[in-house]
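Novice: Just dropping this structure here.
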Amino acid sequence: MDARLANTWRLTLNEKNFIKTALLSEIRIDGRKPFEFRNISINFGREDGSAEVQLGQTRVMGIVTAKFVQPYRDRPNEGTLTIYPEFSPMADPSFEAGRSGESAVELGQIIDRGLRESRAVDTESLCIVAGKLVWAIRIDILILDNGGNLVDAANIAALAALMTFRTPECSLGGEDGQEVIIHPPEMRDPLPLILHHLPIAITFGFFIDENVVVIDPIHNEEAVMAGRMIATVNANGDICAIQKAGEGVSQRVIMQCLQLAITKAADITKQIKAAVEAYNSERALQKIKRETTCVGNSVKGDQNQTLDNKGISELVGKYMERLKLISVESYASKILMLRKSNH
Amino acid sequence: MEVDREDGRSQNQLRPLACSRNILHRAHGSASWSQGDTKVLAAVYGPKAGTKKNENPEKACIEVIWKPKTGQIGKPEKEYEMILKRTLESVCILTVNPNTTTSIIVQVVNDDGALLPSAINAACMALVDAGIPMKHLAVAICCCVAKSGYVILDPTKLEEQKMKAFAYLVFPNSVHSVLPEGSLRVEGEPIENGIITSVTHGIMSVDDYFYCLERGRAASVKLSDFLRRNLQQQSTDSSKAG
């Protein structure tokens, strides 16, 4: 039943011809110029490591989580990074729940190549005990609305989420120096990940006439285009990955596209960094507010406490208790796990 | 008995509610619902032709897909899907479009307690946005019973974990109608005194449960008002645009 229902959205021949003819005169159906990117807006969620990116009508969410694993045998000093793309059925009537199609796998592979093989994320800093314990970073990419060009939006979401993600600080200690102590966030600040550079994916669409190239295609244009190239570049001018499919295109056009990609990547990198800066400064402000209430409470005596101070101290006490609840459980389970693996 | 809750709310106070409709462009109907830090996104596609194999083709069929924030789909997600499906089947008018399927996709954006009630509220708003015919709305709320016996509404995740028992309750919303008073009553009671769904976790005494129902019903009146205001405001906005 699902396969039949998936065919419900199809462009008519008239619409397809309209898009192609308009492109020959460099007119796109949403009014953009051929090499104009849509507006990007980046928003962050409540927890560290969650970002939502809106690229025109396309909406993608990136969520980063981490846990302890044993490292691979051939790379005992490096952590791991895995990407899980989820093409939610809410994004497009043709996306099925459960098994993801080949475009989901392709999206995951492109982002993976951009982040891991270009060494954008420093995996050696994710090692805690060489050969035994490393951080495994998991990036979930949730596609909420398919307005075209999912790869670019998903890439930006993954980068924004990675830049705002924090791992708790760990150190070695204990009797034999082999126990791992995880410091709860109120004692030591959690650490950000080390990113050497930001690989940005830029998608180009090629149409039947060789000279017709557009950047950032919308879903109507994607249904009509004959070929596609996704260039992952960074603001330094390095090409991290290129993926091309569809009709053959001349070398001159490819070189033009790569030049353009590097310029666009610089703009997008600036935008991502500005959004992350704003989020970090807001987060720092919130932390300062919490700490001033702590300090205020300890200075006052405990006999003549006004209702306000008592209320604040109770709130702070409960906040500490809450953090302890979360961190003590994870601390205890991690110690147990490490002791078991040692025996 | 005054109870100190972590965020300073009183026993019967709900977290700040926020709701917006028509946020996705491809879906036929969509809504985002947040209660404090819990945020849920719902999208509706439908009605589509055909029903699934074991469903009755003389009625419309509702399909629910629950997507957690991270991780794979397991048994808790399947349970939520089933509860949502049964709740929404009793709220929608299934005889208007027979032999069709309406899909509702729920995405958890953040879970800070009272997840299933938020999802039910979001799904109802998304159905309204899609224009699916319904008898009335479903208004969902979560009530917890603590070890010392007091009842609090709309817990956060930490509060849920510390409580002895909690219940998710779904009531029909209050009806404003032009029909004469008596015709909308079911067996002499107004519709909003009924209960559509109730899911409990943990042990609670019968008295505690009835107390929860009472408190939940009172809160559902407030929620219905919020929904009504939200829907009316957005419908006048869209008429200005059109």
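The values are calculated or read from the model by the stated rules, or taken from the named source; none is laboratory data. Note that the structure is predicted; figures quoted are calculated from it, not measured. Note that each Cβ is placed from the backbone with ideal geometry, even for glycine, and that neighbours are counted across all protein chains shown. Heavy atoms of the whole protein, side chains included, go into the accessibility calculation; ligands, DNA and RNA do not. Shrake-Rupley method; radii C 1.70, N 1.55, O 1.52, S 1.80 Å.
Novice: Hey, if we sort A:Met163, B:Met125 by accessible area with the 1.4 Å probe, largest down, what's the order?
Specialist: These residues rank, largest area first, as A:Met163, B:Met125.
Novice: Ordering A:Cys170, B:Cys92 from largest to smallest accessible area (1.4 angstrom probe), what's the sequence?
Specialist: Order by accessible area, largest first: A:Cys170, B:Cys92.
Novice: Relative to the Cα centre, what is the charge dipole magnitude of chain B, using +1 at the beta carbon of each Lys and Arg, -1 at the beta carbon of each Asp and Glu, and rounding to the nearest 20 debye?
Specialist: Using only the charged Cβ atoms, the result is roughly 700 debye.
Novice: Something else about it: May I ask you to give the solvent-accessible area per residue for the range A:1-138, in square angstrom, as obtained with a 1.4 angstrom probe?
Specialist: Dividing the accessible area of the range A:1-138 by its residue count gives 55 Å².
Novice: Roughly how many nanometres apart are two label points built 7 Å out from the Cα toward the Cβ at A:Asp122 and B:Glu6?
Specialist: Once both label points are built, they end up 3.4 nm from each other.
Novice: At a probe size of 1.4 Å, how large is the accessible area of B:Ile191, to the nearest 10 Å²?
Specialist: 50 Å²
Novice: Taking beta carbons within 10 Å but only from partner chains, what does the mean come to for residues A:84-97?
Specialist: 5
Novice: Would you check the accessible area of B:Lys164, probe 1.4 Å, heavy atoms only, in square angstrom rounded to 10?
Specialist: 80 Å²
Novice: Suppose each label sits 7 Å from its Cα in the direction of the beta carbon; what would the B:Asn54-A:Lys33 distance come out to in nanometres?
Specialist: 5.9 nm
Novice: Another one. Just read off the accessible area of A:Asp189 with the full protein assembly in place, 1.4 Å probe, to the nearest 10 Å².
Specialist: 80 Å²
Novice: For A:Asp209, B:Asp4, give the ranking by accessible area with the largest first, probe 1.4 Å.
Specialist: B:Asp4, A:Asp209
Novice: Ignoring any ligand, DNA or RNA, what whole percent of the accessible area of the protein assembly as shown comes from carbon and sulfur when the probe is 1.4 angstrom? Please list the in-between numbers first.
Specialist: Values: 15120 of 29290 Å².
Reported share for carbon and sulfur atoms: 52 percent.
Novice: Continuing with this model, one more query. In debye, nearest 20, what is the charge dipole magnitude of the protein assembly as shown about its Cα centre with +1 on Lys and Arg Cβ and -1 on Asp and Glu Cβ, if you could check?
Specialist: So the magnitude is around 260 debye.
Novice: Also, quick follow-up: Name the helices (complete DSSP H segments) of chain B with a Cα length along the long axis of 15 Å or more and a Kyte-Doolittle mean of at least -0.5, or state none. Mind dumping the intermediate values first?
Specialist: Details: long enough: B:75-91 (24 Å, -0.96); B:115-130 (22 Å, 1.51); B:206-241 (51 Å, -0.78).
Those that clear 15 Å and a mean of -0.5 are B:115-130.
Novice: Using the structure shown, list the pairs from B:Lys39/B:Lys75; A:Lys67/B:Lys75; A:Lys20/B:Lys67; B:Lys135/B:Lys157 with a Cα-Cα distance above 27 Å, or answer none.
Specialist: A:Lys20/B:Lys67; B:Lys135/B:Lys157
Novice: Along the charge dipole of the range B:126-201, pointing to its positive end and built from +1/-1 on Cβ of Lys, Arg, Asp and Glu, which listed residue (B:Val178, B:Ala126, B:Gly149) has its Cα farthest out?
Specialist: Checking the options against the dipole of the range B:126-201, the answer is B:Gly149.
Novice: Calculate, in nm to one decimal, what A:His196 and A:Arg73 gain on full extension: separation in residues at 0.36 nm each, minus their alpha carbon distance.
Specialist: Full extension of this stretch gives 41.8 nm more.
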